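Below you'll find the structure, written out as structure tokens, and then a few comments.
The values are calculated or read from the model by the stated rules, or taken from the named source; none is laboratory data. Bear in mind that the values here come from a model prediction, so they are computed numbers and not experimental data. Because the Cβ atoms are built from the backbone with ideal geometry, glycine has one as well, and the counts that use them run over all protein chains shown. Remember, those area values only see protein heavy atoms, side chains included, never the ligands or the DNA or RNA. Shrake-Rupley method; radii C 1.70, N 1.55, O 1.52, S 1.80 Å.
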Amino acid sequence: MVQRVITLFTDDISGEQGDDIATHTFSVDGIGYEIDLGADNYDKLLEALAPFLRHGRKTGSSRSAQTKQSVVGDSAATGCDPVKVRAWAKEQGIEVSPRGRIPRDIIERYESAN
């Protein structure tokens, strides 16, 4: 007998399924949260948190948080809007992933241009 297991990845906000769905972790008031998001909703989360991340203080991270993606990406920590950085990169013909961290050199090029 053959058994086939199919895993469907579903965005917790939109309910959409896809291969680009990833689990992201964050914490508020010492309570850890996980959420599964597609690229668009992950960018919305980063955009919503960006002002707070710019002004907040880093307190370090746990070992498990280092192995998972978190909402504190390079672009959020520098104050750059990841949506705008990706749009700028696309206009410049620079290939950048639709989700996750934006490479440091692309952020630096964006900051230099703006």
- Would you confirm whether any residue within region 40-48 is hydrophobic (A, V, I, L, M, F, W, C), modelled with pLDDT under 80 and assigned to a helix (DSSP H, G or I)? no
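Filter region 50-59 down to residues that are more than 18 Å from P98 (Cα to Cα) and of a type in the set (A, V, I, L, M, F, W, C) and give me whichever is least open to solvent (accessible area, probe 1.4 Å).
L53
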- Qualifying positions in region 6-27 - more than 18 Å from S97 (Cβ to Cβ) and either within 11 Å of the chain's Cα centre (by Cα) or modelled with pLDDT under 90 (or both): I6, T7, L8, T25, F26, S27
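Condition first: hydrophobic (A, V, I, L, M, F, W, C), in contact with a Ser or Thr (Cβ under 8 Å, 6 or more places away or on another chain) and part of a strand (DSSP E or B). Can you find one or more residues in region 12-23 that meet it? Can you show your working first?
First pass over region 12-23, keeping only residues hydrophobic (A, V, I, L, M, F, W, C): 13, 21-22.
Filter again for in contact with a Ser or Thr (Cβ under 8 Å, 6 or more places away or on another chain), leaving 21.
Of the ones still in play, those that are also part of a strand (DSSP E or B) are none.
No.
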- Message: I need the helices (runs of 4 or more DSSP H) fully contained in region 68-114, keeping only those with at least 1 residues that are at pLDDT 85 or above and crowded, with 17+ Cβ neighbours inside 10 Å.
- Response: 82-91, 104-113
- Task: Select from region 28-46 the residues that are under 14 Å from the mean Cα position of the chain (by Cα), open to solvent by 90 Å² or more (accessible area, probe 1.4 Å) and acidic (D, E) and list them in ascending order.
- Result: E34, D40
